[in-house]
1. Kindly list the residues of the range 30-64 that lie in the label zone of residue 82, defined by a backbone N under 20 Å from the point 7 Å along the Cα-to-C-beta vector.
2. Note the angle between two axes, namely the Cα long axis of helix 232-260 and the longest principal axis of the Cα atoms of the chain, as a number of degrees from 0 to 90, rounded to the nearest 10.
3. As a check on your grasp of the helix formula, calculate [θ] at 222 nm for the chain: sum -39500 (n - 2.57) over DSSP H runs of n ≥ 4, divide by the residue count, round to the nearest 500.
4. For the range 244-356, build the convex hull from the C-alpha positions and give me its volume per residue in Å³.
5. Could you tell me how many cubic angstrom of Cα convex hull volume the range 624-667 has per residue?
6. Just from the alpha-carbon atoms, what are the Rg and Dmax of the range 287-337 in angstroms?
7. How much length, in nm to one decimal, is gained on full extension between residue 121 and residue 266, taken as 0.36 nm per residue of separation minus their Cα-Cα distance?
8. Give me the three principal axis extents of the chain from the C-alpha atoms, as integers in angstrom, largest value leading.
Ligand code: GAL
């Protein structure tokens with residue numbers, strides 16, 4: 001085709017676009033506040049005559065977003081190929097009249113009964129061979145081609161219909177990926193995956209050391225699926241296959257949405273914090289935005305565990321994220337479904353924002369009159385009138401409106417990173433060695449004190465670019481691939497401070513032991529190594545630069561080979577082997593530094609360790625020191641810094657600010673703030 005022809009074609013296309021419905025693209029999407037308050041709304045469960053009343057109540061509470069559709073497949077496609085999306089269109093239009101935009105969830109987490117009845121192969125197989133059945137959700141087989149075709153078709157219908165709808169801001173694919181299938185076809189796909197990844201059986205056999213227990217494979221179709229207990233290489237491969245399969249499951253729908261939707265509509269899925277059923281770094285790659293469902297369940301908000309889960313989610317895309325679901329007071333699935341205290345939901349919302357959430361959305365608006373979750377917390381009761389929590393939600397709505405301008409365009413920036421890897425968590429969980437050893441708790445034992453000192457911590461994978469960090473801490477980085485080791489060595493050589501926590505760098509990319517002992521390929525850089533590890537029944541006393549304390553669960557006996565290695569902590573009298581031996585060592589390498597901590601430090605000692613780590617690395621607290629129990633989180637923007645402060649101490653606390661700041665929620669300027677329990681302050685530097 002000539003250039004002129006191409007020009008004509010382009011002009012002709014413009015006419016076609018202008019003359020057809022695609023012109024709706026030109027309709028501008030409504031302006032939504034930078035901080036969005038939202039809720040999960042299920043219009044399909046209610047008569048249409050009710051919608052307006054519900055939406056008016058939402059509007060009154062400052063809610064600007066509803067997530068809709070994610071379980072409504074039987075309503076969208078009551079029989080195969082017969083689509084009915086008019087009701088959803090009307091629901092979205094009605095919401096828009098109340099200043100509420102929509103996120104559409106694709107309904108693939110809840111297939112209709114006609115589907116699984118007609119195509120029984122789309123039901124997942126449990127490990128014992130039984131098929132899952134209709135009546136709950138997530139009963140589908142994530143690897144099944146027929147299921148994928150049907151899920152893609154409904155996603156395409158939705159995208160065709162709503163991809164240019166100005167009131168639709170984004171898409172959620174499926175809902176909380178979790179349940180996998182153990183059917184023969186999935187197993188065959190796994191074996192094919194192994195072939196792709198290992199190339200030859202010799203390579204697989206060598207990488208997994210299958211000479212052990214006569215595990216050698218002579219044909220790909222002999223490789224079984226093992227979960228939880230088995231050859232560590234096989235276990236890890238299965239989880240990597242599961243992660244890739246969720247990614248392709250997601251991509252199957254994502255492709256048809258991308259092809260039919262405006263680029264301004266984001267695509268996400270709702271993840272689950274510390275859930276480790278797949279490698280989130282794999283699955284998140286194709287998404288525009290990370291989102292997660294933040295539930296406390298039993299008890300009360302643990303700001304350390306929850307804050308770290310936010311930071312983990314923020315680390316998936318390296319930018320602000322959404323809290324797609326969170327509990328309006330209580331849930332229905334814990335052992336004791338206690339309600340969060342008055343003020344706690346409000347504190348939690350601001351804690352979310354401080355850690356980088358741009359949206360906080362409650363699950364759910366109103367309980368379905370029947371169905372499995374009748375007891376779950378809601379914002380309005382079965383009678384459709386506000387619950388006691390509603391005014392607290394409305395307060396959040398008002399405050400989000402006030403703070404939106406200050407927080408628009410701001411994001412979290414940290415000087416400290418914690419390295420996190422699913423491979424390592426799985427590897428430790430499969431061989432805990434001490435039943436009380438929880439790799440997430442290990443991460444949190446570092447995260448809590450480090451966040452308290454630095455007031456901001458990123459959680460990123462070991463493959464991340466690390467040059468922006470002054471301090472990188474790797475607790476329990478049990479599996480360390482050769483490339484990731486290179487990344488860490490480069491970081492130290494470029495002047496960074498790398499701290500390895502106990503159980504680090506023991507395994508290679510196949511979950512096999514590194515022959516050098518720990519820390520494997522980092523041993524030379526460290527100038528020392530782990531001579532022996534001990535699971536502890538009795539705590540081992542420790543002493544040194546960080547005071548006197550104990551290691552309750554685990555002790556690694558370290559040796560310092562190079563003369564420039566400094567011993568930071570030693571074990572006191574313990575099992576004889578450990579007595580007097582190094583428990584933590586450090587070595588300066590040019591402008592950089594590498595430290596290894598072999599003991600599980602008790603909280604007091606860890607506080608001191610965190611102070612040392614940050615001092616020696618030049619990390620400064622973002623705001624300056626604050627009273628204990630007050631959590632500070634900074635968000636940085638072109639106009640300065642916004643600090644979100646939340647008091648989790650039971651007593652009132654006063655925080656003196658380092659300079660006069662703008663009081664974002666109350667107006668005016670302040671130089672100190674007083675916070676009751678669960679009290680919140682949002683203060684900003686003024687330019
Ligand atoms: C989530 C799920 C929601 C709802 C909620 C109840 O895991 O995505 O649909 O079931 O739990 O807490």
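Derivation of every value follows stated rules applied to the coordinates shown; laboratory data play no part. Quantities reported herein were computed from a predicted structural model and do not represent experimental measurements. Glycine gets a Cβ as well: all are built from the backbone with ideal geometry, and neighbour counts include every protein chain shown.
1. Once the point is set 7 Å along Cα→Cβ of residue 82, 44-45 turn out to lie under 20 Å by backbone N, inside the range 30-64.
2. 30 degrees
3. Rounded to the nearest 500, it is -10500 deg cm²/dmol.
4. Spread over its residues, the Cα hull of the range 244-356 gives 117 Å³ apiece.
5. Spread over its residues, the Cα hull of the range 624-667 gives 89 Å³ apiece.
6. Cα radius of gyration and Dmax of the range 287-337 are 12.1, 36 Å respectively.
7. 49.0 nm
8. Each principal axis gives a Cα extent; for the chain these are 78, 73, 64 Å.
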